[in-house]
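Nothing in this text is a laboratory measurement; each read-out follows from the coordinates by a stated rule. On a predicted model such as this, the values are computed, not experimentally measured, just so you know. Don't worry about glycine lacking a Cβ; one is built from the backbone with ideal geometry, like all the others, and counts go over all protein chains shown.
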Amino acid sequence: MKKTFKIILLVLVLLALVFFLFVPQYIDRSKNKSTLKGPFEKVSWYDSIPFIPDLHCDALLWDRDLVKEHTYGHVDLPRMQKGNMAFQVFTIVSKVPSGINIEQNDDRSDQIGLLSFAQLQPPANWFSVKKRALYQANALHDFAERSGGKFRVIKSKADLKLFLFDRAVDRTLSSGMLGLEGAHCLENDLSNLDEFYKAGIRYIGLTHFFDNEWAGSAHGMKKGGLTPKGHSLLRRMEELGIAVDLAHSSQNTIEDVFKYFRGAILVSHTGVKGVCDNQRNLSDEQLIKIGERNGLVGVGLWETAVCGTDAASTAKTIKYVADKIGVEKVALGSDWDGAYEMHFDVTGTPLIVTELLKLGFSRDDVEKIMGGNIRDFFLKNLPE
Ligand SMILES: [Zn+2]
């Protein structure tokens, strides 16, 4: 009897070991695939583009050491260096309903609690969206600390200016900023916002895939606008200098933000209905309003955003936005590591440059789209 018990215990321990060692990595590998493998061809002047940034990636969601190079997933420091990627916004995903779709989701289920358990995060994270969001923010600072000075977190204009200065002499330097996907991780308490600000959050998408206490989602049940609490959230974001990311917001929320928010507006990862018509993407009227507000539109790399996954599809949408609202208002918003199969990881960024040139953009315009626009937006809108 005693022996049987010992064997059962041993088997259970082994099973747990296999689960915790392999399952989180397996999920990452299977969710964040890229179909093309580099090295990729690039124009002769690609590596001399001074500042290539990207507005959106979810790398912090996965249990991947970003200091080391991986054969899976889309972003890590060595691959950022290979792709001449100077600045990446790392966005925080803290709750995802099961069976997510772009049409309609409620908030009753959640897959990220299970993922944080499988990744052996502290038990508090399994049950708290706020704790697991702050845990991811902290993971970016930890990554910077372990990078041997090669990666730093940008929180202010001064940080960005210093980084631009240093990177002009050392092209191996990279940087990152933090953003939130969904204000639900404030756990219905506005006073939590200051904690997120201190952690470095500099833009907030008010909603992710479901309606929350603050605003309606494009993929929610009711798709309403700002709630009264949402208005107070925007006031505090204006005071702190946090931008609003309109990605995933309902039409009503987007209209309310235009009407009631006086701070900076961007769309971190999106497509446009004019090229790829679905619930997820921006209408021409929305684009024009973003343009009028000197906002920035980050164009994605995945199927639902641009109706294709190759660099040419992304370039086509970039051109559409540039033609509608100006070449200074469009940028890259990849959604790498956002659980989509992509054509290429961050090392494939040169492919987008090649496609933009094919569409007739000048080198000057390409350098704006692939860098200058995001640099100027944050030099203008980050806190001092
Ligand atoms: Zn997203």
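Distance from the alpha carbon centroid of the range 353-384 to that of the range 34-68 works out to 16 angstrom. Within the range 164-264, DSSP assigns beta bridges of which about 10% are antiparallel (rounded to the nearest 5). Largest GNM mean-square fluctuation among E328, E187, E41, using the chain with Cα springs under 10 Å: E41. Starting from the Cα of K222, draw a straight line to each of the aspartates and glutamates and keep only those under 13 Å, dropping any in the same chain fewer than 8 residues away. Straight-line reach from K222, under 13 Å: E103, D106, D107, D211, E213. Computed over all pairs of different Cα atoms, the Kirkwood value for the hydrodynamic radius of the range 89-137 is 11.4 Å. Could you list the residues of the range 103-131 with an amide nitrogen less than 14 Å from a label point located 7 Å from the Cα of N188 in the Cα-to-C-beta direction? Counting backbone N atoms under 14 Å from the label point, the list is 107-108, 129-130. Beta bridges per DSSP, both residues in the chain: antiparallel share near 5 percent.
Relative to its Kirkwood radius, the Cα radius of gyration of the range 267-368 gives an Rg/Rh of 0.93.
Shown for the range 1-95: lysine pairs separated by 8 or more places, or found on different chains, whose C-alpha atoms are under 26 Å apart, numbering 12. With q set to 0.06, 0.07, 0.13 Å⁻¹, the log10 of I(q)/I(0) for the chain, from the Debye formula over equal scatterers at the Cα positions, is -0.22, -0.29, -1.02. At an R0 of 41 angstrom, the distance between the Cβ atoms of C307 and K6 translates into a FRET efficiency of 0.10.
Among the lysines, which fall within straight-line cross-link reach of K161, defined as a Cα-Cα distance under 21 Å, with same-chain neighbours fewer than 8 residues apart omitted? Result set, ordered by chain and number: K150, K198, K329, K368, K380.
Take the Cα of D284, step 7 Å toward its Cβ, do the same at F20, and the gap between the two points is 5.7 nm. Fewest neighbouring Cβ atoms within 10 Å first, the residues F40, F165, F87 line up as F165, F40, F87. Here the residues T35, T91, T309, T304, ranked from fewest to most Cβ neighbours within 10 Å of their Cβ, fall in the order T35, T304, T309, T91. Helices in the chain, meaning DSSP H runs of at least 4 residues, each add -39500 (n - 2.57). Divided by all residues, the mean residue ellipticity at 222 nm is -12500 deg cm²/dmol.
Full extension of the chain between T35 and L379 gives 120.3 nm of extra length, using 0.36 nm per residue less the Cα-Cα distance. Taking each full run of DSSP H in the chain as one helix, which ones are at least 27 Å long along their axis (Cα atoms) and have mean Kyte-Doolittle hydropathy of at least 1.6? Once both thresholds are applied, nothing remains.
Taking the empirical scaling 2.2 N^0.38 Å for compact globular proteins as reference, the range 32-185 has a Cα radius of gyration ratio of 1.14.
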